[in-house]
Amino acid sequence: MQAFHCLAAAGVILLAALIAAPLLLTAARRRAFDYGLTSGLEKRNSIHSRELEAAQNERDELAVGLEAEHRRRLTDGAKYSARIAELEARIMSYTGLAVTKNDYESVRGAADTLRLAQRTLTALKSESQAARAGSQAEALDDLAKRIHAQLRSTPASADTVEAAA
């Protein structure tokens with residue numbers, strides 16, 4: 001081959017390389033970008049999954065703590081209920097009454113006072129307050145009747161006579 005041919009072939013190869021180089025560089029840059037994007041997404045997903053697992057573990061620990069707290073409250077409630085039942089049984093087992101004749105007379109006196117207040121409020125034309133005083137007087141009368149029935153149904157002993165006096 002002649003020197004001129006060699007120079008022409010080298011020129012053609014150089015021009016082909018100059019034409020192909022930007023295409024090859026663009027493809028390499030695109031592949032590098034895609035690789036970086038996928039690795040970044042994988043890293044982000046792994047970080048999010050670890051954070052999610054940590055949050056779920058924390059939630060599970062809180063649920064266990066809340067369950068323990070709930071059980072403790074139920075246990076305390078059962079203890080309180082048992083204590084209340086015991087105290088009620090002790091009150092009911094006393095030989096004396098829980099109420100006395102003085103209690104009965106105090107309730108009757110309060111009912112009479114409320115009836116007087118009702119009549120006064122009616123005269124003052126305050127009907128809503130008068131009606132309220134009347135309903136409270138009726139409630140106290142009902143309570144007095146129950147106290148009276150309990151006092152009558154219980155036999156008189158020395159202890160209850162002294163308490164009533």
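The values are calculated or read from the model by the stated rules, or taken from the named source; none is laboratory data. Note that this is a predicted model, so its numbers are computed, not measured. Reconstructed Cβ throughout: ideal geometry from the backbone, glycine too, with neighbour counts over all protein chains shown. Just the protein is used for accessible areas: all its heavy atoms, side chains included, with ligands, DNA and RNA removed. Shrake-Rupley method; radii C 1.70, N 1.55, O 1.52, S 1.80 Å.
Give the aspartates and glutamates reachable from LYS43 as a straight Cα distance under 15 Å; neighbours fewer than 8 places away on the same chain don't count.
Within the straight-line cut-off, LYS43 pairs with ASP34, GLU51.
Residues of the stretch 108-128 with backbone nitrogen within less than 19 Å of a virtual label 7 Å along the Cα-to-Cβ line of SER135, please, listed as ranges.
The answer is 111-123, 125-128, whose backbone nitrogens lie closer than 19 Å to the label point.
Enter the accessible area of LYS43 (Å², nearest 10), with the probe set to 1.4 Å and all protein chains included.
130 Å²
As I understand it, the dipole of the chain uses +1 on the Cβ of Lys and Arg and -1 on the Cβ of Asp and Glu, about the Cα centre. Which of ASN102, ILE84, ALA55 lies farthest toward its positive end?
ALA55
Within the stretch 31-66, find all residues whose amide N lies under 20 Å from a label point positioned 7 Å from the Cα of TYR80 along Cα-to-beta-carbon.
Flagged as within label range: 66.
Determine the share of the chain's accessible area contributed by carbon and sulfur atoms, expressed in whole percent, with a 1.4 angstrom probe.
About 62 percent, which is the carbon plus sulfur part of the accessible surface.
Whole number please: convex hull volume per residue of the Cα set in the stretch 1-107, in Å³?
Cα-based convex hull of the stretch 1-107, divided per residue, equals 122 Å³.
With Kirkwood's inverse mean 1/r over C-alpha pairs for Rh, give me the Rg to Rh ratio of the stretch 34-96, two decimals please.
Using only Cα positions, Rg/Rh for the stretch 34-96 is 1.65.
Kindly provide the helix-only [θ] at 222 nm of the chain, computed as the sum of -39,500 (n - 2.57) over DSSP H runs of four or more divided by all residues, to the nearest 500 deg cm²/dmol?
-33000 deg cm²/dmol, from helical runs alone.
At 1.4 Å probe size, with every protein chain present, just tell me what the per residue accessible area of the stretch 1-140 comes to in Å².
83 Å²
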